[in-house]
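In what follows, a single structure is set out as structure tokens and then discussed.
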Amino acid sequence: MSNLKNKEIIQELVGKLLQKDTSIWIKDEEIDNRIDWIDLNIEKVIENIENNLKGYKDFDNYILLGMGGSSLSSLAFSKILPNNNKLIVIDTINPNYIHKIENSIKNKKNLFIVSSKSGTTIETDTLFRYFFKKYFNKDNFIFITDKNSTLDLEIKNNYKELVVINPNENIGGRYSAFTEFGLAPAYLIDINLKDIPNIINQTKDNIYDLIDYDLFNNLLSKIDNNYFEIVFKYNTDKEKYVGYWLEQLIAESTGKNNKGVLPIIYDFRYHYLENQNTLKIYDLQQIENIFSYMYLWFIQTGLIASLIKVNPFNQPDVKLSKDTTNQILKNKSNYNIKDYYINNSLNLNKNLVIDFIKKNLNENKSYIVIQYYGDYDDINDKEELQKELIELFKMPVILSLGPRYLHSIGQLYKGGPKKGIFIQILNYSDKIPFELKEINELFIYQALGDFITTKNLNLPIIGILKEG
């Protein structure tokens, strides 16, 4: 098929997408209730935020409790745009990380933003109840959740004085950057929102010029395959957080039905070997406007899903790990963490990892994943391991932080092509403050739940326990 013909196909799909014509995707009733991001009235969103939150601009810290789409866009905005640097995102239940954050906010005026579309996200619910019990003081909590979610009803029934914001329900979490989920935290940290509606309108007006036709030419030339790779290279930490946002959007939207596009978020120093799966390599330094860039990738991700015939708005395999974790929590006495993991004390034995990869490496395996359950700030040795494995095996190595990845690229690991080799590293400590013991237990069982789920899918995984 010629590039000109490909361009016509893509432009026709773009036109239909912008008209909210769901026939471009596989048939699924859920899709009709997930596409209001296409023509969202962003002026109205901003007006709603200002009306609800104009009295909340004098806090020392804004602590966002939320997972996946409820936090990653705000996190990206806070890293890449000028702001007052007051946002703290907690998208983990690692007790050491939580304890460290608590020490940093002592004797400060803190506003907690509880953000959960469903209102039932286990990590967000756990964090909310922990912080609410310790820190609630009249008006230092606000909530962003769907109307009539369990969280919405609980707060409105019991704490009528607290602000609860209900975004448009017909937008999935990873497409919610321009709803209150993404923009309310941005507003509170003084990010300029007023130009966003105009920027998005201009992006739509110029969309046929902005679409990357090379990307789609490459995809269409390989369309009979079921596995693809897109690489995003970053040079600074601020760009890396845009990468985390892209990772969720692309992986969770495309990685299902044994198909998928693996987004590879790489430091510029890491070598990526182009191969038959490569669709494109992007430089995140070249982003001119983050709002336009995000909207463009909403569109491009929707197009990819259309072409590979998957529903971009569901995440059918995410619940597998949730179900396993719930099963463990109901039968704790049946699960001893040390029966599943190799105890490697404080020093990670790289030879152990390398031998495991070699043993499971074959022509059907295309990438390696290091899943790290620990303090998100304690990743230097994991990044070093990632770099060494990239150089040794000449294949993509993804560093996934747990539990963040469970609400992101974890969908592709389980629902996409079975091409990964997994190394799970769990930082385990008995020296946890008493009040965080319950959270620590959930953290450990989440890691174990995903470990068991991965094993049950016949995917190669090794578990390493790092005590300390």
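The values are calculated or read from the model by the stated rules, or taken from the named source; none is laboratory data. If you're wondering where the values come from, they're calculated on a predicted model, not measured in any experiment. Neighbour counts run over all protein chains shown; Cβ positions are idealised from the backbone, glycine included.
Any residue at all in segment 356-379 that is more than 30 Å from W245 (Cβ to Cβ) and either touching a Ser or Thr at 6+ places or on another chain (Cβ under 8 Å) or in a strand (DSSP E or B) (or both)? No, segment 356-379 has no match at all. Just one of the numbered conditions (1) surrounded by fewer than 23 Cβ atoms within 10 Å (Cβ to Cβ); (2) out of contact with any strand residue (DSSP E or B) (no Cβ under 6 Å at 6 or more places or on another chain); (3) charged (D, E, K, R); (4) in contact (Cβ under 8 Å) with a residue 24 or more places away in the chain is not true of K160: (4). Inspection of segment 122-141 identifies no residue that is modelled with pLDDT of 95 or more, charged (D, E, K, R) and not in a helix (DSSP H, G or I). So, in segment 134-153, of the ones that are among the polar types (S, T, N, Q) and buried (at least 19 other Cβ atoms within 10 Å of the Cβ), which residue ends up nearest to I49 (Cα to Cα)? So, considering only residues that are among the polar types (S, T, N, Q) and buried (at least 19 other Cβ atoms within 10 Å of the Cβ), the one nearest to I49 (Cα to Cα) is T145.
Take segment 282-319 and flag every residue that is small (G, A, S) and either under 16 Å from K256 (Cβ atoms) or part of a loop (DSSP other than H, G, I, E, B) (or both). If the condition is that a residue be small (G, A, S) and either under 16 Å from K256 (Cβ atoms) or part of a loop (DSSP other than H, G, I, E, B) (or both), then G302, A305, S306 are the ones that fit. Taking first residues from segment 48-70 that are surrounded by fewer than 14 Cβ atoms within 10 Å (Cβ to Cβ) and partners that are modelled with pLDDT of 95 or more and of a type in the set (F, W, Y), the Cβ contacts under 8 Å between residues at least 6 apart in sequence or on separate chains come to E50/Y187. Per the conditions (1) assigned to a helix (DSSP H, G or I); (2) touching a residue at least 40 places away in the same chain (Cβ under 8 Å); (3) crowded, with 22+ Cβ neighbours inside 10 Å, the sole criterion not satisfied by I423 is (1). When L87, L40 are screened for being within 17 Å of Y175 (Cβ to Cβ), among the aliphatic types (A, V, I, L, M) and modelled with pLDDT of 95 or more, only L40 passes. Residues that are surrounded by 15 or more Cβ atoms within 10 Å (Cβ to Cβ), in contact with a Ser or Thr (Cβ under 7 Å, 6 or more places away or on another chain) and of a type in the set (G, A, S) do occur in segment 296-309, at least one of them. One residue stands out among those in segment 208-242 that are touching a strand residue (DSSP E or B) at 6+ places or on another chain (Cβ under 8 Å) and of a type in the set (D, E): the one that is surrounded by the most Cβ atoms within 10 Å (Cβ to Cβ), which is E229.
None of D28, D91 is in contact (Cβ under 8 Å) with a residue 60 or more places away in the chain, of a type in the set (D, E, K, R) and crowded, with 19+ Cβ neighbours inside 10 Å except D91. Within segment 111-122, the residues that satisfy the criterion of being in contact with a Phe, Trp or Tyr (Cβ under 9 Å, 6 or more places away or on another chain) and either of a type outside the set (G, A, S) or farther than 11 Å from G66 by Cα (or both) are L111, F112, I113, V114, K117.
Helices (runs of 4 or more DSSP H) fully within segment 194-276 that include at least 3 residues being assigned by TED's automatic domain parsing to the domain that holds I287 and under 25 Å from D36 (Cα atoms): 196-205, 207-210, 237-254.
Within segment 2-27, the residues that satisfy the criterion of being touching a helix residue (DSSP H, G or I) at 6+ places or on another chain (Cβ under 6 Å), closer than 13 Å to L220 by Cβ and of a type in the set (A, V, I, L, M) are I10, L13. For segment 369-378, check the following and say yes or no: at least one residue is touching a Pro at 6+ places or on another chain (Cβ under 9 Å), surrounded by 20 or more Cβ atoms within 10 Å (Cβ to Cβ), farther than 20 Å from E274 by Cβ and hydroxyl-bearing (S, T, Y). Yes; the residues of segment 369-378 include at least one that is touching a Pro at 6+ places or on another chain (Cβ under 9 Å), surrounded by 20 or more Cβ atoms within 10 Å (Cβ to Cβ), farther than 20 Å from E274 by Cβ and hydroxyl-bearing (S, T, Y). Evaluation of L284 against the conditions (1) surrounded by fewer than 22 Cβ atoms within 10 Å (Cβ to Cβ); (2) among the hydrophobic types (A, V, I, L, M, F, W, C); (3) more than 23 Å from G172 (Cβ to Cβ) shows that the sole unmet condition is (1).
Looking only at residues in segment 243-280 that are surrounded by fewer than 23 Cβ atoms within 10 Å (Cβ to Cβ) and among the acidic types (D, E), which one is farthest from K222 (Cα to Cα)? Taking the candidates together, the pick is D267.
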